[in-house]
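Quick note: the coordinates plus some simple rules give every number you see, no bench work behind them. These numbers were taken from a predicted model, which means no experiment stands behind them. Positions of Cβ are backbone-derived with ideal geometry, glycine not excepted, and every protein chain shown enters the neighbour counts.
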Amino acid sequence: MLKRLGADQRGVAAIEFALIAPVAIALYMGFAELTMAMMADRRVAHAAAVVGDLVAQSPTVAPSDLTDIFQVGSQIMSPFTATPLKMRITSVVADVNAVPKVAWSKGSGMTAMTVGTAAGGVPANLLAAGDSVIQADVSYSYTSPLGFTLTAPITFSNTFYLKPRQASAVACALC
């Protein structure tokens, strides 16, 4: 009887499946979460590039234009919720000593930089004396909808620097 029981192969596939299925499901869920997080990170970078580029295309912007541009940035984050999205657009002009200073700044969910202060984070040698650049900062706190492997929120941030296209500096009326 023990010999017959040892040779019985029925149920082996079910036992193998029971051992492998949890690992396979965990890998699948982890890869799904990682893919969604990477997609959110790419959308943050795209939003920063587009927001900065839209401002850099105009010689002058108004606060209402910036509000519309922030809306564009929010739409880029779709299908992710735009609630944790923070954006800031800053015009940085180098003074006579080539020190980058804030000419104007406007934020959406992010604090605007103070006008006249030194603009931190601008890469060295990006601006010569009198040059200007548009700095677009975007930050997004991503929370996985599954919460299986990514249990805590991840913050994605990106900063783009774009030269004005139609003027030496982008002016902001009433900023």
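For this structure, a couple of remarks:
- Contact order relative to length of the chain, as percent, for alpha carbon pairs under 8 angstrom and 6 or more apart: 28
- Cβ-based charge dipole, the stretch 11-172, positive-most Cα from Ile20, Ser139, Ile69: Ile69
- P(r) weight above 14 Å for the stretch 77-159, C-alpha pairs, percent: 66
- Spacing of the two label points (7 Å from each Cα toward its C-beta) at Ile20 and Ala62, in nm: 6.6
- Reported value for the stretch 24-76: 52 Å³ per residue, from the convex hull of its C-alpha atoms.
- Distance between the modelled labels on Ala118 and Cys175, one decimal in nanometres: 2.2 nm (7 Å Cα→Cβ projection).
- Annotation for the stretch 27-52 versus the stretch 139-175: alpha-carbon center distance of 12 Å.
- Remark: the Asp131-Tyr28 segment gains 32.1 nm on full extension, using 0.36 nm per residue and subtracting the alpha carbon distance.
- Calculated P(r) of the chain - Cα pairs past 23 Å, %: 53
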